[in-house]
Amino acid sequence: MARILKEEKLLRPGEEKNIYFPLAAPDDRKILGKRNKIGGKPDWLHPGKTPLCPHCGKEMTFYAQLDSVNDENAVEDGGMIYVFYCFSCGEVHALAQSY
């Protein structure tokens, strides 16, 4: 899990203005983009709860997690997207967590 050390001013490629966002510790940056997963249990960044299907009310099944790719394609500052599926009615739900 990443630890926020400080905020730094960074200029992303193609941008003309500086933006601010927290940076992970150097060791945590090495795993960015490598936490993708299909099946099993979600590797929550923060304590999470499996959602209930908004259509039928049953607990949904964890399907996959999608990691941030790099600094240019970061999900909420190095976060993750979690995808859930309801095998009863086919409903899909996704949520994001960040540091």
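Only one of (1) modelled with pLDDT of 95 or more; (2) in a loop (DSSP other than H, G, I, E, B) fails for residue 62. Which number is that?
(2)
Among the residues of the range 65-81, which ones are of a type in the set (A, V, I, L, M, F, W, C), out of contact with any strand residue (DSSP E or B) (no Cβ under 6 Å at 6 or more places or on another chain) and either surrounded by 14 or more Cβ atoms within 10 Å (Cβ to Cβ) or at pLDDT 90 or above (or both)?
Within the range 65-81, the subset of a type in the set (A, V, I, L, M, F, W, C) is 66, 69, 74-75, 80-81.
Still in the running and out of contact with any strand residue (DSSP E or B) (no Cβ under 6 Å at 6 or more places or on another chain): 69, 74.
Listed by number, the list holds a single entry, 74.
Taking residue 99 and the conditions (1) in a strand (DSSP E or B); (2) closer than 13 Å to residue 44 by Cα, which numbered condition does it fall short on, given that it satisfies the others?
(1)
Just need a number here: residues in the range 82-96 that are surrounded by 16 or more Cβ atoms within 10 Å (Cβ to Cβ), part of a strand (DSSP E or B) and not aromatic (Phe, Trp, Tyr).
Residues that pass the stated criteria total 2.
The values are calculated or read from the model by the stated rules, or taken from the named source; none is laboratory data. Computed from a predicted structure; not experimentally measured. Don't worry about glycine lacking a Cβ; one is built from the backbone with ideal geometry, like all the others, and counts go over all protein chains shown.
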